């Protein structure tokens, strides 16, 4: 579990994060969404420790990450896997060597065991045939899958994905979402995804944090989002006529479920 | 352009300080160091070979052109060539060229790793990126550049001899006799002292500019150019300083 308590971050005079608090639970896909410049990338960089925070606490399973020294942070970092927007694969290494790298650096066991783990991870992301290829020789979607394999090779407790669907076609995008969701549930990982992709929001978002101008504007699940009356959230998520119609269809679908009928009633009563 | 000397110097010292930490896996660091030794040493051998030969040849021809007096023995040409190459050309000229070859490679490699988030990926894995990426480059440069300078010295003198003999300026015996006349081993020590210093400058300055790239592809090019220019200026400055102190 990752807990954020009143996170604040400024660059000079400009305050990027204005006191964000939330809890990211294990076994769930936690999404950070928001328009460009809303502070979601800075928030993710603060959570993983690539940037320091000016105020507030970040707790990894109740341990205060912000108060740790470099040595203690290293221990936590070895439990983190991260998929970068551009995949961040090492150009001079093959796909297999990229996935092997964290194992070589930190992994215990024989070379045979390490190779077998790499093969297992590549099999999991369906890339066994590309093991000997270099990153320049594979497609964007394949690079993302290699990035996922590298991120999970050390069995992380926390998985971070920075815009995993950017630059991918809808079909590959779906494949990546499905893979991340499956891995999250399979290994009970606390997954945090920073995304713009509305398909990811509707399909994978167990817990969604909507950021608006550096603040947490809304928080809930992908089911609750379709009933939300938050105007800023609705303007962002259901921006087109097509998406608004899709939202109504989803509402109708959920309305058939008794639990969500009550939810909708409550929302309408509130209105 | 704003000149922030103390800002860069402070950050440079912090970068060097940041390199010193216990390696996460000594075997991986060693592998990285050996890779850098190959890249810097073997990778630059070709250019060092070519410039040293021509540098020696040109020095012989120009020295002969200026020593026209019949009372000066021909072996003096070899003596002048030897000392010029050992004292100045082999360490300084070779390192100026290496600042371009090795320095720009280091700066653009690290710059590309920074832009494509590869350095962030290493940081998140819990690796000290300064220790893993920069320290092996500096150590490899400090080890391999003096080796290249020593090779450049030998090749330069050999090139000088061949040019002199082939053009009929001096015989092989006369040249060999001149090489032995008044040879001071201290000059070789001086050349090595310079090459260690220049090796450190080339790798550390280039790594500093590459590691701290901010922006896109354009900035990688700018960082690479700045790294080469700053390295060359520092090499020339230290060349003067070491000459004034040690000779």
* Structure fact -> Simple spin-label estimate for residue A:129/residue B:245, 7 Å along Cα→Cβ, in nm, reads 6.2
* Calculate the length of the line joining the C-alpha centroid of region B:29-46 to that of region A:125-196, in whole Å. => 33
* Structure fact -> Mean other chain Cβ within 10 Å across B:113-122 is 6
* Structure fact -> Dividing the alpha-carbon radius of gyration of region B:1-77 by 2.2 N^0.38 Å, where N counts its residues, gives 2.04
* Structure fact -> Only helices counted: for chain A, with every DSSP H run of 4 or more residues adding -39500 (n - 2.57) and the sum spread over all residues, [θ] at 222 nm is -13000 deg cm²/dmol
* Asked: Among B:181-189, B:14-22, B:35-43, how do they line up from the highest to the lowest mean number of other beta-carbon atoms within 10 Å?
  -> B:35-43, B:14-22, B:181-189
* Structure fact -> In whole percents, the bins of 10 Å from zero upward hold the Cα-Cα pairs of region B:90-162 as 18, 37, 24, 14, 6, 1
* Most fluctuating residue of A:224, A:123, A:253 in a GNM of chain A with Cα springs under 10 Å: which is it? -> A:253
* Rounded if a/c is under 1.5, else prolate if a/b beats b/c, else oblate: with a ≥ b ≥ c from the C-alpha gyration tensor eigenvalues square-rooted, which is region B:194-247? -> prolate
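Please compute the average number of Cβ atoms from other chains found within 10 Å of each residue's Cβ in peptide A:149-158. Please list the in-between numbers first.
Numbers: counts 0, 2, 3, 0, 0, 2, 0, 0, 0, 0.
Shielding by partners across A:149-158 averages 1.
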* **More than 12 angstrom apart: percent of Cα pairs within region B:53-103** => 65
* Between B:124, B:134, B:47, find the one with the highest GNM mean-square fluctuation for chain B; connect C-alpha pairs within less than 10 Å. => B:124
* Asked: Helix B:185-211: angle to the longest alpha-carbon principal axis of chain B, degrees 0 to 90, nearest 10?
  -> 30
* With label points built 7 Å along Cα→Cβ from the Cα atoms of residue A:93 and residue B:187, find their separation and express it in nm. => 4.9
* Structure fact -> Dividing the surface of the Cα convex hull of region A:1-71 by four yields a projected area in nm² of 5.1
* Asked: What is the Cα radius of gyration of region B:141-207 over 2.2 N^0.38 Å, N being its residue count?
  -> 1.41
* To do: Please give the residues of region B:113-130, grouped as numeric ranges, whose backbone N is less than 16 Å from a label point set 7 Å along the Cα-to-Cβ vector of residue B:14.
  => B:129-130
* Structure fact -> PRE zone check, label point 7 Å out along Cα-to-Cβ of residue A:249, amide N under 15 Å, scope region A:24-42, hits none
* Just from the alpha-carbon atoms, what are the Rg and Dmax of region B:23-63 in angstroms? -> 17.3, 55
* For the peptides A:10-20, B:72-82, A:70-80, what is the packing order when you average, over each peptide's residues, the other Cβ atoms within 10 Å and list the highest mean first? -> B:72-82, A:70-80, A:10-20
* Take every DSSP beta bridge with both residues inside the protein assembly as shown and express the antiparallel ones as a percent of the total, to the nearest 5. => 50
* Quick one: give the max-minus-min coordinate of the C-alpha atoms of the protein assembly as shown along each principal axis, largest first, in Å. => 114, 51, 42
* To do: Would you list the P(r) distribution for chain A, with all Cα-Cα distances sorted into 5 Å bins from 0 and each bin expressed as a whole %?
  => 1, 6, 12, 15, 17, 16, 13, 10, 6, 3, 1, 0, 0
* Calculate how steeply helix A:258-270 sits against the longest principal axis of the alpha-carbon atoms of chain A, using the helix alpha-carbon long axis, and give the answer as 0 to 90 degrees to the nearest 10. => 50
* Helix A:140-152 versus the longest principal axis of chain A: what angle, 0 to 90°, nearest 10, using Cα atoms? -> 80
* Asked: Using the C-alpha atoms of region B:32-121, what convex hull volume per residue, in cubic angstrom, is computed?
  -> 98
* Structure fact -> Taking every alpha carbon pair in region B:63-189 and sorting the distances into 10 angstrom bins from 0 up to the bin holding the longest one, the percent per bin comes out as 11, 31, 22, 15, 11, 8, 2, 0
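Enter the mean number of other protein chain beta carbons within 10 Å of the beta carbon of each residue in B:123-134, as an integer.
5
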* Asked: So how much slack lies between residue A:185 and residue A:104, counting 0.36 nm per residue of separation and subtracting their Cα-Cα distance, in nm?
  -> 26.5 nm
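What translational diffusion coefficient, to the nearest whole µm²/s, does chain B have by Stokes-Einstein, given a Kirkwood radius computed over alpha-carbon pairs, a temperature of 37 °C and 0.692 mPa s viscosity? It would help to have the intermediate numbers written out before the result.
Numbers: Rh = 19.4 Å.
This corresponds to a translational diffusion coefficient of 169 µm²/s.
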* To do: Let me know the Rg and Dmax you get for region A:1-129 when you use only its Cα atoms, in Å.
  => 17.5, 53
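Values quoted throughout were computed directly from the atomic coordinates according to the rules given, and no laboratory measurement underlies them. These numbers come from a predicted model, not from an experiment. Every residue, glycine among them, receives a Cβ derived from its backbone with ideal geometry; neighbour counts consider all protein chains shown.
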